[in-house]
Amino acid sequence: QVQLVESGGGLVQAGGSLRLSCAASGRTFRLYAMGWFRQAPGTEREFVAAISKGGGTKDYADSVKGRFTISRDTAKNTMYLQMNGLKPDDTAVYYCAADPNVVDQRGGDYWGQGTQVTVSS
């Protein structure tokens, strides 16, 4: 089992940037694929980005390609989501996910509590 804690959310104007962090503990970080999802009020949770166990494979939702970058730092047991060129439609609660196999469009086995990102126009 792994515990996940997100941080880095906040309020930013359109066009601005934020970096989200997901700190993992409880199990060996390198054994988990990880990813980011988000959920806006009144909507279903949607896939944002994923990264493989070794960091060699990354996947992004079409809506964030070219703007968001997912990465992981094994030494710090932390995954990051660098978000540039933020838009009001990016406003949502962002969740960290982990899975011993693959994080895909459906999600993963483990989830964090979420961090709020609000983008004003």
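The values are calculated or read from the model by the stated rules, or taken from the named source; none is laboratory data. Note that the coordinates shown come from a computational prediction; the quantities given were computed from them, not determined experimentally. Reconstructed Cβ throughout: ideal geometry from the backbone, glycine too, with neighbour counts over all protein chains shown. Ligands, DNA and RNA are excluded from the accessible area calculation, which covers all protein heavy atoms including side chains. Shrake-Rupley method; radii C 1.70, N 1.55, O 1.52, S 1.80 Å.
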Original post:
Which of the following residues is touching a Ser or Thr at 6+ places or on another chain (Cβ under 7 Å) and surrounded by 15 or more Cβ atoms within 10 Å (Cβ to Cβ): Ala50, Ala33, Ala40?
Top reply: Ala33
Original post:
When you look at Gly56, is it touching a residue at least 60 places away in the same chain (Cβ under 8 Å) and not polar (S, T, N, Q), yes or no?
Top reply: no
Original post:
Can you name every residue in segment 53-64 that is more than 22 Å from Val119 (Cα to Cα) and either outside any loop (DSSP other than H, G, I, E, B) or hydrophobic (A, V, I, L, M, F, W, C) (or both)?
Top reply: Lys58, Asp59
**OP:** Collect the residues in segment 1-30 that are surrounded by fewer than 17 Cβ atoms within 10 Å (Cβ to Cβ) and at pLDDT 95 or above, keeping them in residue-number order.
**Re:** Val5, Ser7, Gly8, Gly10, Leu11, Gln13, Ala14, Gly15, Gly16, Ser17, Arg19, Ala23
Original post:
(1) touching a Phe, Trp or Tyr at 6+ places or on another chain (Cβ under 9 Å); (2) exposed (fewer than 13 other Cβ atoms within 10 Å of the Cβ): which one isn't true of Thr57, the others all being true?
Top reply: (1)
Original post:
How many of the residues in segment 65-119 are open to solvent by less than 70 Å² (accessible area, probe 1.4 Å), in a loop (DSSP other than H, G, I, E, B) and not hydroxyl-bearing (Ser, Thr, Tyr)?
Top reply: 10
